[in-house]
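The values are calculated or read from the model by the stated rules, or taken from the named source; none is laboratory data. These numbers come from a predicted model, not from an experiment. Don't worry about glycine lacking a Cβ; one is built from the backbone with ideal geometry, like all the others, and counts go over all protein chains shown. Just so you know, the surface numbers come from the protein's heavy atoms only, side chains and all, with ligands and any DNA or RNA stripped out. Shrake-Rupley method; radii C 1.70, N 1.55, O 1.52, S 1.80 Å.
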Amino acid sequence: MAVTKIYIVYYSLHGHVETMAREILRGANSVPDVEATLWQVPETLPEKILEKVKAVPRPDDVADIRPEQLAEADGFMFGFPSRFGVMASQVMTFFDNTNDLWTTQALAGKPAGIFWSTGFHGGGQELTALTAVTKLAHHGMIFVPVGYTFGKGMYEMGEVKGGSPYGSGTYAADGSREPTELEIQQANYHGKYFAGIAKKLKKRPPV
């Protein structure tokens, strides 16, 4: 059976989204005949600013991705922190540079999911997801939400939990809060669920 290639493309300033991305990777790669890989969105901030905001070092085992490389994959999961209720500018810039792919609609029909990190409850847990969908729509990609398929974990009221039916998520607070066990479980499930959908879509004959 042909392998379904999934690119998990993320940007992480303080490590929260990276933690989620690695768990999504594990979930996706647990699905037979799926090959998921991690990619980073290039940094746009100067080193001086990164030092002031106490950004964590970028991992050496995850390469930066060029926009044209997206055409190689069968599906995508995009992860990003929220900035004023929308995706971080680094990810905005990355999508702005996908014009050639948009012109040819090279990504049309390919599935895409999203995951994110926000500071607090009002930071855009759902707004960030909703505004990100516009990028997918213009490329003709098929947005795959996680819905309520995570089961009872979606209805948890005894603890703070990020994410929504749009995708998995976490809260960072002032940067000191790390993804909880429940958020990690949802990320793993999200990766597995998305990979299963992407695998089914690859089997379908072209229109």
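For the stretch 130-153, which residues satisfy the criterion of being open to solvent by 30 Å² or more (accessible area, probe 1.4 Å) and over 19 Å from Val9 (Cα atoms)? The answer is Tyr148, Thr149, Phe150, Lys152.
Yes/no per residue for (1) within 15 Å of the chain's Cα centre (by Cα); (2) more than 17 Å from Ala187 (Cα to Cα):
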| residue | (1), (2) |
| --- | --- |
| Lys48 | no, yes |
| Phe80 | yes, no |
| Val86 | yes, yes |
| Gln90 | yes, yes |
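Residues in the stretch 88-115 that are free of Cβ contacts under 8 Å to residues at least 60 places away in the same chain, touching a helix residue (DSSP H, G or I) at 6+ places or on another chain (Cβ under 6 Å) and either β-branched (Val, Ile, Thr) or not in a helix (DSSP H, G or I) (or both): Asn97, Thr98, Ala106, Leu107, Ala112, Ile114. Look at the stretch 31-46: where a residue is assigned to a loop (DSSP other than H, G, I, E, B) and a partner is of a type in the set (Gly, Ala, Ser), sitting 6+ places away or on another chain with Cβ atoms under 7 Å, you get Val31/Ala195; Val31/Gly196; Thr44/Ser89.
The condition of being over 22 Å from Ser168 (Cα atoms) and either polar (S, T, N, Q) or loosely packed, with under 15 Cβ neighbours inside 10 Å (or both) holds for only one of Gln125, Gln105, that being Gln105.
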